[in-house]
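A.B. asks: Structure in structure tokens, see below.
Here, each number is a calculation from the coordinates, and none is a lab measurement. The shown structure was predicted, so the numbers you read here are calculated from the model rather than taken from an experiment. With ideal geometry, Cβ positions are generated from the backbone for all residues, glycine too; neighbour counts draw on all protein chains shown.
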Amino acid sequence: MTAVILIVTIVANLGIALADFASAKFVLNNSAEVGVSTRWLPMLGALKAAGAAGLLLGLLAVRPIGIAAALGLVVFFIGAVAAHVRGPSVLQHRLSDGVSGPGGRVAGVVVMR
């Protein structure tokens, strides 16, 4: 089961890294919405790709590199969540567009200022 989760994580991070490198429209829109300069996209893509490569190395042979990559990706995505929470909130926009349910309501209470 762990291998399946790792493979899905590797594929997801490589996919979004490629989208960052290609400056895909959804990446540009998302970056603009959270106030991240497009100049950061290659570096953000490189970090995601490095994390995916490290997970793959950890899966195949070098466990300490995989652990370091996993920790790096956790820190990276904590930063990503922080970028989305500060400034104009994506959750605020989505809540105003009709996101409902207990998770949506709790997120709205936490994010709205």
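A.B. asks: Where Rh denotes the Kirkwood radius from the mean inverse Cα pair distance, what is Rg over Rh for segment 2-86?
C.D. replies: 1.01
A.B. asks: What is the distance, in nm, between label points placed 7 Å from the Cα along the Cα-to-Cβ direction at ALA53 and at VAL81?
C.D. replies: A separation of 2.7 nm, rounded to one decimal place.
A.B. asks: Moving to a separate point now. Among THR9, THR38, THR2, rank each residue by its count of other Cβ atoms within 10 Å, from fewest to most, as a rough exposure measure.
C.D. replies: Exposure proxy ranking, most exposed first: THR2, THR38, THR9.
A.B. asks: Kirkwood-based Rg over Rh for segment 14-57 (C-alpha set), two decimals?
C.D. replies: Result for segment 14-57 is an Rg/Rh of 1.02.
A.B. asks: If you add up the charges near GLY79, with Lys and Arg at +1 and Asp and Glu at -1, over every other residue whose beta carbon is less than 13 angstrom from its beta carbon, what do you get?
C.D. replies: Combined, the nearby Lys, Arg, Asp and Glu give +2.
A.B. asks: Suppose each label sits 7 Å from its Cα in the direction of the beta carbon; what would the PHE21-ARG63 distance come out to in nanometres?
C.D. replies: 3.1 nm
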